[in-house]
Amino acid sequence: MSVLDKVNTPGDLKNLSLEELNNLCNELRELIIDTVSLRGGHLASSLGAVDLTVALYSVFNPPEDKIIWDVGHQAYAHKILTGRKEAFKTLRTYGGISGFPKREESEYDVITTGHSSTSISAALGLACGRDLLKQDYKVIAVIGDGSLTAGLALEGINNAGHLKKNMIVILNDNEMSISENVGAISSYLSRILTGEFYTQLRQKVEKMLLSIPRIGSSLVKIAKRMEELTKGFITPGIIFEELGFKYIGPIDGHDLKVMIDTFNNVKDWEGPLLIHVYTKKGKGYKPAEEESEFFHGVPPFNKVTGRVEKAQQKSYTDIFGEVLTEIAKEDKRIVAITAAMRSGTGLKLFASHFPERFFDVGIAEQHAVTFAAGLAISGFRPYVAIYSTFLQRSFDMIIHDVCLQNLPIVFAVDRAGLVGEDGPTHHGLFDISYLRLIPNLVVAAASDSNELKALIKSSLSWNVPVTIRYPRGPAEITEKTYPEQIKIGKGEMLRWGKDACIIGIGTTVNEALKAAEILKIRNIEISVFNARFVKPLDVEAIRKILSEHPVIFTLEENTIVGGFGSAILELAAKLGSIKKIHCIGLPDRFIEHGPVNFLREIYGLSAEKIAQEVERYLND
């Protein structure tokens with residue numbers, strides 16, 4: 001019988017020996033590797049956090065104690081240990097368990113998450129709520145060193161240090177290089193500093209010093225300062241101490257005994273505490289240890305070789321990176337900016353060619369945008385590549401620091417539309433709605449690979465703030481050609497039909513063309529217009545469409561609320577049109593995880609479903 005067979009809830013870990021707990025870690029890694037090799041997912045981070053998860057659940061008592069996993073990339077062991085062992089085989093499948101913590105899924109998932117750096121703020125809120133309700137439980141936030149680069153995490157730390165609530169932050173550091181000697185010393189120091197003898201001795205010395213008339217309080221301050229300086233010489237924690245946290249670490253995040261001893265020693269300490277744990281991404285699986293960036297978020301792969309064997313067609317992301325690199329060879333004003341997603345946004349090629357013109361600002365989308373504004377003011381042409389769902393974080397900076405100043409910055413809005421198995425925290429379903437309301441901003445979307453190339457090249461001459469939207473996944477390869485310089489706000493009629501017109505934006509145009517072919521067989525003639533721009537709209541072309549067709553359909557892979565269809569409705573109202581306009585898009589809800597094509601089918605965005613909707617509407 002395996003150790004994992006004995007474990008159904010975190011409480012079961014308390015009955016296991018240290019040897020059994022170490023064996024459990026190995027079994028968890030095997031299950032995670034087996035599952036992710038079939039389903040895809042966030043492998044390297046989850047493997048690195050297995051021992052930390054087991055140590056936490058051996059000491060604390062969830063769900064009474066609240067453990068918050070920042071982002072959730074490292075939460076697979078957490079899912080397995082919290083009653084989802086059997087369900088884990090359904091990871092990231094439609095109707096199966098999410099790849100991220102999700103409140104609706106388990107009482108152990110304290111907060112739904114998928115974006116970084118939220119854990120400390122949420123934990124502080126829970127700690128304040130606990131105290132206001134006079135309840136008694138522990139609050140622990142587990143955050144990675146990458147997530148600590150975001151302003152939200154630093155804001156949370158600042159406020160937590162001020163409020164002095166009882167809470168623990170585990171800093172899971174999987175990047176800092178710490179030698180074995182320093183690691184051994186700091187692990188030993190941490191056990192000493194958290195032990196009962198040291199704690200009682202410190203309290204007794206402080207009490208004794210305070211009893212000395214006149215100079216006692218001054219001596220206490222000197223003693224505390226000496227303690228901080230001593231720790232600061234051999235640990236990197238002095239900054240956290242200055243921000244109001246007690247600091248412990250660094251400790252080895254793969255040594256169960258050290259972690260369990262440390263957690264037991266500090267769990268009843270007063271005030272905010274930061275425990276610095278260092279781990280290795282991909283721990284226990286050599287390919288993931290050697291290529292942790294590739295195995296951060298990986299598609300299904302061969303477990304033996306560690307390779308994705310299926311040939312991958314070029315993605316829109318690849319094409320963006322290649323074209324930007326190409327035009328940057330000719331124009332030295334071009335700079336590229338990303339927020340900790342060099343590979344994910346296709347900028348690895350650009351970075352290798354122009355390292356001095358490439359900037360990875362860390363998980364700091366707000367900073368990325370305002371940083372770009374500074375570069376634009378200096379005369380450069382910044383291209384800022386950020387996923388649609390993460391660009392939401394920089395909404396105010398786009399308005400205040402870019403568009404208000406009308407600066408020539410291009411936002412490459414990657415992962416726009418449905419993204420698949422990562423689910424509602426990552427679907428880019430709102431960018432059309434939240435970007436089109438901003439003055440001075442041009443909002444464009446590419447329908448295929450050649451149009452994306454043309455838009456990127458054209459954007460360099462537009463001299464205004466621009467967003468170019470494109471989806472995740474293989475690029476639509478067509479023979480279609482586009483002008484060398486696309487004019488802002490100009491769409492294109494792709495086919496003519498007397499019965500109705502579909503006005504599409506982005507890659508929905510391709511599905512509209514396929515739907516038109518299906519409808520032709522059914523004796524329904526449909527026009528298809530590629531709007532290309534959400535803002536500004538091609539007013540003259542749309543005015544003509546409204547006058548020549550009895551029914552207009554709009555088509556978008558964005559929420560129907562305030563999106564592209566809404567823009568067409570607003571224009572029609574302004575033009576005084578009384579034509580019927582029917583909007584097709586995604587409903588006003590958060591969309592679950594599942595394969596992209598499957599989601600498009602069930603939400604009516606596949607060619608066949610579009611054709612069915614057009615035919616139904618025309619026949620009503």
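We did not get these values from a lab; they are worked out from the coordinates using the rules stated. These numbers were taken from a predicted model, which means no experiment stands behind them. Cβ: placed from backbone, ideal geometry, glycine included. Neighbour counts: every protein chain shown.
For this structure, a couple of remarks:
- For the listed residue pairs K457/K574; K85/K281; K102/K535, the alpha carbons are over 28 angstrom apart in K457/K574; K102/K535.
- The listed peptides 317-323, 237-243, ordered by packing as a protection proxy, come out as 317-323, 237-243 (highest mean of other Cβ atoms within 10 Å first).
- The relative contact order of region 492-619, computed from alpha carbon pairs under 8 Å that lie at least 6 residues apart in sequence, is 28 percent.
- Gyration tensor verdict on region 492-619 (Cα atoms; rounded if a/c is under 1.5, prolate if a/b is larger than b/c, oblate otherwise): oblate
- Other residues within the sphere of radius under 11 Å centred on the Cβ of G282, judged by their own Cβ, net out at +1 (K and R +1, D and E -1).
- Net charge contributed by nearby residues that have their C-beta within less than 13 Å of E451 (K/R +1, D/E -1): +1
- Electrostatic dipole magnitude of the chain [Cβ: Lys, Arg +1; Asp, Glu -1; Cα centre; debye, to 20]: 900
- Against the set (i) 1.55; (ii) 0.89; (iii) 1.09, the structure's computed Cα Rg over 2.2 N^0.38 Å falls on (iii).
- Overall form of region 316-469 per C-alpha gyration tensor (a/c, 1.5; a/b vs b/c): rounded
- What separates the Cα centres of region 466-542 and region 37-99 is a distance of 42 Å.
- Comparing Cα centroids, region 408-428 and region 314-386 end up 17 angstrom apart.
- Relative contact order %, the chain, counting alpha carbon pairs below 8 Å whose residues are six or more apart: 11
- Other residues whose C-beta falls under 12 angstrom from the C-beta of V384 contribute a net charge of -3, scoring Lys and Arg +1 and Asp and Glu -1.
- Annotation: aspartates and glutamates with alpha-carbon distance below 13 angstrom to K303 (same-chain offsets under eight excluded): E30, D34.
- Whichever aspartates and glutamates have a C-alpha closer than 14 Å to that of K332, once near sequence neighbours (fewer than 8 apart) are set aside: E356
- Highest average packing first - 423-429, 502-508, 47-53, Cβ atoms within 10 Å: 502-508, 47-53, 423-429
- Report summary: the helix-based calculation at 222 nm, which adds -39500 (n - 2.57) for every DSSP H run with n ≥ 4 and divides by the residues of the chain, gives -12000 deg cm²/dmol.
- Shape call, region 314-386: gyration tensor on alpha carbons, a/c limit 1.5: oblate
- Distance from the C-alpha centroid of region 113-165 to that of region 591-620: 41 Å, rounded to the whole angstrom.
- Counting beta carbons within 10 Å around each of T338, T149, T113, T478 and listing the fewest first gives the order T478, T149, T113, T338.
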